[in-house]
Number of protein chains: 2
Amino acid sequence: MDPFLKLQKSLRSTKHSLTTPRRAVFEALRGQEPLTIHQLVARCPNIDRATVYRVVALFERLGIVQRLQTGWKYRLELTGEFHEHHHHATCLRCGSAINLPEDAALEARLYALAKRHHFRIERHQIEVQGFCDSCSAVRT
Amino acid sequence: MDPFLKLQKSLRSTKHSLTTPRRAVFEALRGQEPLTIHQLVARCPNIDRATVYRVVALFERLGIVQRLQTGWKYRLELTGEFHEHHHHATCLRCGSAINLPEDAALEARLYALAKRHHFRIERHQIEVQGFCDSCSAVRT
DNA sequence: TACTTTTTTGCAAATCTGTCGCAATTTGTA
DNA sequence: TACAAATTGCGACAGATTTGCAAAAAAGTA
(Lines give C-alpha, C1' and ligand atoms only; values in the text may rest on other atoms or scores of the structure.)
Protein backbone atom coordinates (compact mmCIF):
# COMPACT_ATOMS: atom_id res chain seq x y z
CA MET A 1 0.00 0.00 0.00
CA ASP A 2 1.22 3.46 -0.84
CA PRO A 3 2.90 5.03 2.19
CA PHE A 4 1.16 8.29 1.51
CA LEU A 5 -2.30 6.79 1.62
CA LYS A 6 -1.29 4.99 4.74
CA LEU A 7 -0.30 8.27 6.33
CA GLN A 8 -3.63 9.85 5.41
CA LYS A 9 -5.49 6.90 6.74
CA SER A 10 -3.53 6.90 9.97
CA LEU A 11 -4.20 10.60 10.50
CA ARG A 12 -7.86 10.40 9.53
CA SER A 13 -8.58 7.52 11.82
CA THR A 14 -7.31 9.58 14.73
CA LYS A 15 -9.15 12.75 13.68
CA HIS A 16 -6.08 14.61 12.56
CA SER A 17 -5.72 16.32 9.23
CA LEU A 18 -2.99 16.06 6.66
CA THR A 19 -1.63 19.59 6.72
CA THR A 20 1.29 21.14 4.89
CA PRO A 21 3.74 20.84 7.80
CA ARG A 22 2.82 17.22 8.38
CA ARG A 23 3.24 16.41 4.72
CA ALA A 24 6.61 18.17 4.69
CA VAL A 25 7.95 16.25 7.68
CA PHE A 26 6.76 12.98 6.21
CA GLU A 27 8.41 13.69 2.87
CA ALA A 28 11.65 14.72 4.52
CA LEU A 29 11.79 11.43 6.39
CA ARG A 30 11.19 9.30 3.32
CA GLY A 31 14.82 9.67 2.30
CA GLN A 32 17.28 6.91 2.86
CA GLU A 33 18.97 7.76 6.16
CA PRO A 34 17.53 8.69 9.52
CA LEU A 35 17.77 12.42 10.27
CA THR A 36 18.70 14.41 13.34
CA ILE A 37 16.05 16.87 14.43
CA HIS A 38 18.33 19.60 13.17
CA GLN A 39 18.52 18.10 9.70
CA LEU A 40 14.82 17.52 9.70
CA VAL A 41 14.06 21.15 10.51
CA ALA A 42 16.44 22.21 7.76
CA ARG A 43 14.57 20.05 5.26
CA CYS A 44 11.20 21.54 6.08
CA PRO A 45 11.47 25.06 4.66
CA ASN A 46 9.10 27.71 5.99
CA ILE A 47 7.99 25.49 8.79
CA ASP A 48 8.54 26.63 12.30
CA ARG A 49 10.86 24.65 14.48
CA ALA A 50 8.19 24.31 17.17
CA THR A 51 5.80 22.91 14.61
CA VAL A 52 8.33 20.33 13.48
CA TYR A 53 8.71 19.21 17.08
CA ARG A 54 4.95 19.00 17.42
CA VAL A 55 4.58 16.98 14.24
CA VAL A 56 7.32 14.60 15.29
CA ALA A 57 5.66 14.12 18.67
CA LEU A 58 2.35 13.39 16.96
CA PHE A 59 3.94 10.98 14.51
CA GLU A 60 5.67 9.17 17.33
CA ARG A 61 2.40 8.82 19.18
CA LEU A 62 0.77 7.42 16.05
CA GLY A 63 3.64 5.03 15.41
CA ILE A 64 4.67 6.71 12.19
CA VAL A 65 8.08 7.82 13.36
CA GLN A 66 10.61 6.34 15.75
CA ARG A 67 13.77 7.72 17.22
CA LEU A 68 17.07 5.87 17.21
CA GLN A 69 20.12 6.43 19.30
CA THR A 70 23.01 6.55 16.86
CA GLY A 71 26.05 7.44 18.88
CA TRP A 72 25.63 10.77 20.61
CA LYS A 73 22.49 12.21 19.16
CA TYR A 74 19.22 10.61 18.35
CA ARG A 75 17.82 10.41 14.83
CA LEU A 76 14.35 10.07 13.44
CA GLU A 77 13.03 7.73 10.81
CA LEU A 78 9.76 6.28 9.62
CA THR A 79 8.69 3.04 11.27
CA GLY A 80 8.42 -0.25 9.45
CA GLU A 81 4.84 0.46 8.44
CA PHE A 82 5.88 3.38 6.31
CA HIS A 83 9.28 2.31 5.24
CA GLU A 84 10.88 -1.05 4.67
CA HIS A 85 11.86 -2.58 7.95
CA HIS A 86 15.52 -3.33 8.48
CA HIS A 87 18.17 -3.24 11.16
CA HIS A 88 21.16 -0.96 11.41
CA ALA A 89 24.77 -2.07 11.52
CA THR A 90 27.38 0.56 12.25
CA CYS A 91 31.08 0.00 11.65
CA LEU A 92 33.18 0.90 14.67
CA ARG A 93 36.19 1.66 12.51
CA CYS A 94 34.98 3.54 9.45
CA GLY A 95 31.62 4.64 10.77
CA SER A 96 29.67 3.47 7.75
CA ALA A 97 26.16 2.23 8.37
CA ILE A 98 24.62 -0.63 6.44
CA ASN A 99 21.15 -2.03 6.62
CA LEU A 100 20.49 -5.64 7.48
CA PRO A 101 17.21 -6.89 6.05
CA GLU A 102 14.39 -8.25 8.14
CA ASP A 103 14.78 -11.88 9.17
CA ALA A 104 11.48 -13.56 9.87
CA ALA A 105 12.84 -16.29 12.12
CA LEU A 106 14.76 -13.80 14.18
CA GLU A 107 11.71 -11.65 14.64
CA ALA A 108 9.65 -14.68 15.56
CA ARG A 109 12.06 -15.52 18.37
CA LEU A 110 11.97 -11.98 19.62
CA TYR A 111 8.19 -11.98 19.74
CA ALA A 112 8.19 -15.30 21.52
CA LEU A 113 10.67 -14.01 24.07
CA ALA A 114 8.53 -10.96 24.76
CA LYS A 115 5.43 -13.07 25.02
CA ARG A 116 7.02 -15.21 27.68
CA HIS A 117 7.40 -11.99 29.65
CA HIS A 118 3.83 -10.89 29.02
CA PHE A 119 4.85 -8.03 26.81
CA ARG A 120 3.04 -7.40 23.54
CA ILE A 121 5.41 -6.00 20.94
CA GLU A 122 4.23 -3.32 18.58
CA ARG A 123 7.59 -2.28 17.17
CA HIS A 124 11.23 -3.10 17.57
CA GLN A 125 14.68 -1.98 16.50
CA ILE A 126 17.92 -3.87 16.43
CA GLU A 127 21.20 -1.99 16.39
CA VAL A 128 24.52 -3.69 15.96
CA GLN A 129 28.05 -2.35 16.06
CA GLY A 130 31.06 -4.17 14.71
CA PHE A 131 33.24 -4.23 11.64
CA CYS A 132 32.20 -4.10 8.03
CA ASP A 133 33.71 -6.37 5.42
CA SER A 134 36.64 -4.18 4.47
CA CYS A 135 37.42 -3.00 7.99
CA SER A 136 37.34 -6.58 9.24
CA ALA A 137 40.21 -7.29 6.91
CA VAL A 138 42.21 -4.24 7.90
CA ARG A 139 41.84 -4.87 11.59
CA THR A 140 43.52 -8.24 11.13
CA MET B 1 34.57 -11.42 38.56
CA ASP B 2 33.20 -8.85 40.92
CA PRO B 3 31.88 -5.86 38.95
CA PHE B 4 33.46 -3.51 41.44
CA LEU B 5 36.93 -4.91 40.98
CA LYS B 6 36.36 -4.77 37.28
CA LEU B 7 35.51 -1.10 37.53
CA GLN B 8 38.64 -0.39 39.54
CA LYS B 9 40.73 -2.29 37.09
CA SER B 10 39.20 -0.50 34.15
CA LEU B 11 39.84 2.89 35.71
CA ARG B 12 43.35 2.06 36.89
CA SER B 13 44.46 0.76 33.54
CA THR B 14 43.51 4.10 32.02
CA LYS B 15 45.08 6.15 34.80
CA HIS B 16 41.83 7.29 36.35
CA SER B 17 41.01 7.02 40.00
CA LEU B 18 37.97 5.59 41.70
CA THR B 19 36.55 8.68 43.35
CA THR B 20 33.39 9.18 45.35
CA PRO B 21 31.33 10.54 42.43
CA ARG B 22 32.42 7.72 40.17
CA ARG B 23 31.58 5.14 42.78
CA ALA B 24 28.18 6.78 43.31
CA VAL B 25 27.29 6.76 39.62
CA PHE B 26 28.36 3.17 39.29
CA GLU B 27 26.30 2.12 42.29
CA ALA B 28 23.27 4.00 41.04
CA LEU B 29 23.46 2.20 37.71
CA ARG B 30 23.70 -1.24 39.26
CA GLY B 31 19.99 -1.24 39.96
CA GLN B 32 17.56 -3.13 37.84
CA GLU B 33 16.35 -0.65 35.23
CA PRO B 34 18.22 1.78 33.03
CA LEU B 35 18.00 5.35 34.32
CA THR B 36 17.39 8.67 32.66
CA ILE B 37 20.10 11.21 33.33
CA HIS B 38 17.63 13.00 35.53
CA GLN B 39 17.04 9.91 37.66
CA LEU B 40 20.73 9.23 37.80
CA VAL B 41 21.49 12.71 39.09
CA ALA B 42 18.76 12.30 41.68
CA ARG B 43 20.33 9.07 42.89
CA CYS B 44 23.74 10.60 43.38
CA PRO B 45 23.18 12.88 46.38
CA ASN B 46 25.64 15.72 46.93
CA ILE B 47 27.13 15.21 43.52
CA ASP B 48 27.00 18.04 41.09
CA ARG B 49 25.04 17.65 37.87
CA ALA B 50 28.09 18.62 35.80
CA THR B 51 30.13 15.96 37.53
CA VAL B 52 27.56 13.29 36.83
CA TYR B 53 27.65 14.25 33.16
CA ARG B 54 31.42 14.08 33.22
CA VAL B 55 31.44 10.67 34.86
CA VAL B 56 28.92 9.34 32.38
CA ALA B 57 31.01 10.63 29.49
CA LEU B 58 34.08 8.95 30.95
CA PHE B 59 32.26 5.67 31.52
CA GLU B 60 30.95 5.71 27.99
CA ARG B 61 34.45 6.22 26.66
CA LEU B 62 35.69 3.31 28.75
CA GLY B 63 32.82 1.08 27.66
CA ILE B 64 31.37 0.87 31.14
CA VAL B 65 28.12 2.60 30.33
CA GLN B 66 25.94 2.72 27.24
CA ARG B 67 22.97 4.87 26.38
CA LEU B 68 19.70 3.46 25.07
CA GLN B 69 16.77 5.07 23.40
CA THR B 70 13.76 3.88 25.35
CA GLY B 71 10.79 5.69 23.99
CA TRP B 72 11.01 9.36 24.55
CA LYS B 73 14.25 9.92 26.39
CA TYR B 74 17.50 8.06 26.43
CA ARG B 75 18.54 6.04 29.44
CA LEU B 76 21.85 4.88 30.78
CA GLU B 77 22.93 1.47 31.93
CA LEU B 78 26.03 -0.58 32.51
CA THR B 79 27.31 -2.52 29.52
CA GLY B 80 27.37 -6.29 29.33
CA GLU B 81 30.79 -6.44 30.98
CA PHE B 82 29.40 -5.01 34.17
CA HIS B 83 25.89 -6.21 34.09
CA GLU B 84 24.04 -9.12 32.60
CA HIS B 85 23.16 -8.58 28.96
CA HIS B 86 19.49 -8.21 28.15
CA HIS B 87 17.10 -6.35 25.89
CA HIS B 88 14.70 -3.53 26.65
CA ALA B 89 10.98 -3.32 26.31
CA THR B 90 9.27 0.03 26.75
CA CYS B 91 5.55 0.36 27.27
CA LEU B 92 3.93 2.80 24.87
CA ARG B 93 1.15 3.54 27.30
CA CYS B 94 2.69 3.86 30.77
CA GLY B 95 6.29 4.42 29.73
CA SER B 96 7.74 1.80 32.03
CA ALA B 97 10.81 -0.07 30.87
CA ILE B 98 11.38 -3.74 31.56
CA ASN B 99 14.26 -6.00 30.72
CA LEU B 100 14.02 -9.09 28.57
CA PRO B 101 16.79 -11.60 29.27
CA GLU B 102 19.32 -12.66 26.70
CA ASP B 103 18.14 -15.41 24.38
CA ALA B 104 20.96 -17.45 22.93
CA ALA B 105 19.07 -18.68 19.90
CA LEU B 106 17.95 -15.18 19.05
CA GLU B 107 21.47 -13.87 19.26
CA ALA B 108 22.71 -16.74 17.15
CA ARG B 109 20.30 -15.80 14.39
CA LEU B 110 21.35 -12.20 14.55
CA TYR B 111 25.01 -13.14 14.22
CA ALA B 112 24.21 -15.43 11.33
CA LEU B 113 22.27 -12.69 9.60
CA ALA B 114 25.15 -10.28 9.99
CA LYS B 115 27.62 -12.86 8.79
CA ARG B 116 25.64 -13.37 5.61
CA HIS B 117 26.19 -9.68 5.02
CA HIS B 118 29.89 -9.87 5.85
CA PHE B 119 29.54 -7.86 8.99
CA ARG B 120 31.27 -8.93 12.19
CA ILE B 121 29.25 -8.00 15.25
CA GLU B 122 30.97 -6.73 18.37
CA ARG B 123 27.96 -5.43 20.24
CA HIS B 124 24.24 -5.17 19.74
CA GLN B 125 21.13 -3.76 21.31
CA ILE B 126 17.53 -4.75 20.81
CA GLU B 127 14.78 -2.34 21.72
CA VAL B 128 11.12 -3.15 21.61
CA GLN B 129 8.07 -1.03 22.19
CA GLY B 130 4.62 -2.31 22.92
CA PHE B 131 2.35 -2.86 25.88
CA CYS B 132 3.25 -4.27 29.23
CA ASP B 133 1.09 -6.83 30.96
CA SER B 134 -1.14 -4.40 32.81
CA CYS B 135 -1.46 -1.89 30.00
CA SER B 136 -2.28 -4.69 27.57
CA ALA B 137 -5.30 -5.40 29.69
CA VAL B 138 -6.43 -1.80 29.94
CA ARG B 139 -6.12 -1.18 26.23
CA THR B 140 -8.28 -4.25 25.60
C1' DT C 1 -21.18 29.58 -0.25
C1' DA C 2 -21.34 31.84 4.35
C1' DC C 3 -20.83 31.05 9.06
C1' DT C 4 -19.42 28.55 13.24
C1' DT C 5 -16.51 25.45 15.63
C1' DT C 6 -12.32 22.89 16.15
C1' DT C 7 -7.50 22.18 14.90
C1' DT C 8 -3.09 23.81 13.76
C1' DT C 9 0.48 26.98 13.30
C1' DG C 10 3.86 30.78 14.07
C1' DC C 11 6.04 33.56 17.29
C1' DA C 12 8.10 34.85 21.40
C1' DA C 13 9.02 33.70 25.98
C1' DA C 14 10.13 30.31 29.35
C1' DT C 15 12.31 26.11 30.67
C1' DC C 16 15.46 22.28 30.29
C1' DT C 17 19.82 20.05 29.02
C1' DG C 18 24.28 19.52 28.56
C1' DT C 19 28.93 22.05 28.52
C1' DC C 20 32.74 25.06 29.95
C1' DG C 21 36.15 27.89 32.60
C1' DC C 22 38.31 28.15 36.74
C1' DA C 23 39.45 28.10 41.61
C1' DA C 24 39.25 24.85 45.40
C1' DT C 25 39.69 20.05 46.80
C1' DT C 26 41.20 15.38 46.50
C1' DT C 27 44.23 11.71 44.97
C1' DG C 28 48.64 9.56 43.77
C1' DT C 29 53.43 9.45 44.75
C1' DA C 30 57.88 10.01 46.73
C1' DT D 1 54.24 15.50 54.81
C1' DA D 2 54.86 18.09 50.44
C1' DC D 3 54.28 18.47 45.46
C1' DA D 4 52.14 17.58 41.01
C1' DA D 5 48.30 15.89 38.59
C1' DA D 6 43.56 14.71 38.42
C1' DT D 7 38.90 15.76 39.74
C1' DT D 8 35.05 18.38 41.52
C1' DG D 9 31.67 22.19 42.52
C1' DC D 10 29.90 26.36 41.06
C1' DG D 11 28.22 29.79 38.17
C1' DA D 12 27.52 31.16 33.59
C1' DC D 13 26.03 29.84 29.01
C1' DA D 14 24.65 28.11 24.36
C1' DG D 15 21.57 25.15 22.38
C1' DA D 16 17.44 22.11 22.58
C1' DT D 17 12.65 21.52 23.59
C1' DT D 18 8.27 23.14 25.35
C1' DT D 19 4.47 26.30 26.21
C1' DG D 20 0.91 30.10 25.98
C1' DC D 21 -1.70 32.48 23.00
C1' DA D 22 -3.63 34.97 19.13
C1' DA D 23 -3.97 34.36 14.14
C1' DA D 24 -4.72 31.20 10.30
C1' DA D 25 -6.34 27.00 8.31
C1' DA D 26 -9.38 23.09 8.13
C1' DA D 27 -13.70 20.75 9.12
C1' DG D 28 -18.58 20.69 9.83
C1' DT D 29 -23.20 22.54 8.83
C1' DA D 30 -27.06 24.88 7.04
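Using a ≥ b ≥ c from the Cα gyration tensor of segment B:58-116 (square roots of the eigenvalues), is it rounded, prolate or oblate, where a/c under 1.5 gives rounded and otherwise the larger of a/b and b/c decides, a/b for prolate? The shape class here is oblate. For chain B, the Kirkwood hydrodynamic radius from C-alpha pairs, put into Stokes-Einstein at 25 °C and a viscosity of 0.890 mPa s, yields a diffusion coefficient of 147 µm² per second. Measuring between their Cα centroids, segment B:107-140 and segment A:10-54 lie 27 Å from each other. The label point for residue A:48 and the one for residue A:115, both projected 7 Å from the Cα toward the Cβ, are 4.7 nm apart. Peptide B:103-115 has a mean of 5 when you count, residue by residue, the C-beta atoms of other protein chains within 10 Å of its C-beta.
Per residue of A:11-22, other chain Cβ atoms within 10 Å of the residue Cβ number 0 on average.
Antiparallel beta bridges, as assigned by DSSP with both residues in chain A, represent about 75 percent of the total such bridges. In this label model, residue A:136 and residue B:133 are separated by 4.1 nm, measuring between points 7 Å along each Cα→Cβ vector. Look at the dipole of segment A:86-138 built from charges on Cβ: of A:104, A:132, A:88, the Cα furthest out on the positive end belongs to A:104. Highest mobility in the GNM of chain A, judged by mean-square fluctuation with C-alpha springs under 10 Å and restricted to A:45, A:34, A:21, is found for A:45. Assuming charge only on the beta carbon of Lys and Arg (+1) and of Asp and Glu (-1), the dipole of segment B:1-83 about its Cα centre is about 240 debye to the nearest 20. Comparing A:130, A:31, A:63 in a Gaussian network model of chain A, where Cα atoms under 10 Å apart are tied by springs, the biggest mean-square fluctuation is seen for A:130. Summing Cβ point charges (Lys, Arg +1; Asp, Glu -1) relative to the Cα centre of segment B:44-140 gives a dipole of roughly 400 debye.
A probe of 1.4 angstrom, applied to the heavy atoms of all protein chains, finds residue A:59 with accessible area near 0 square angstrom.
Computed from Cα atoms alone, the Kirkwood hydrodynamic radius reported for segment A:86-138 is 12.7 Å.
Taking every DSSP beta bridge that has both ends in segment A:86-138, the antiparallel portion is near 55%.
The modelled label-to-label distance between residue B:32 and residue A:123, using points 7 Å beyond Cα along the C-beta direction, is 2.6 nm. Under a Gaussian network description of chain A, with springs only between Cα atoms under 10 Å, the residue in A:42, A:112, A:97 that fluctuates furthest is A:112. FRET efficiency for the pair residue A:86 and residue B:9, taken as 1/(1 + (r/R0)^6) with r the Cβ-Cβ distance and R0 = 45 Å, rounds to 0.75.
Between the amide H of residue B:35 and those of B:76, distances stay under 5 Å, these residues lying 5 or more places away or on another chain, with hydrogens modeled in the peptide plane.
The values are calculated or read from the model by the stated rules, or taken from the named source; none is laboratory data. As the structure is a prediction and not an experimental result, all values here were calculated from the model. With ideal geometry, Cβ positions are generated from the backbone for all residues, glycine too; neighbour counts draw on all protein chains shown. Accessible surface areas use protein heavy atoms only, side chains included; no ligands, DNA or RNA. Shrake-Rupley method; radii C 1.70, N 1.55, O 1.52, S 1.80 Å.
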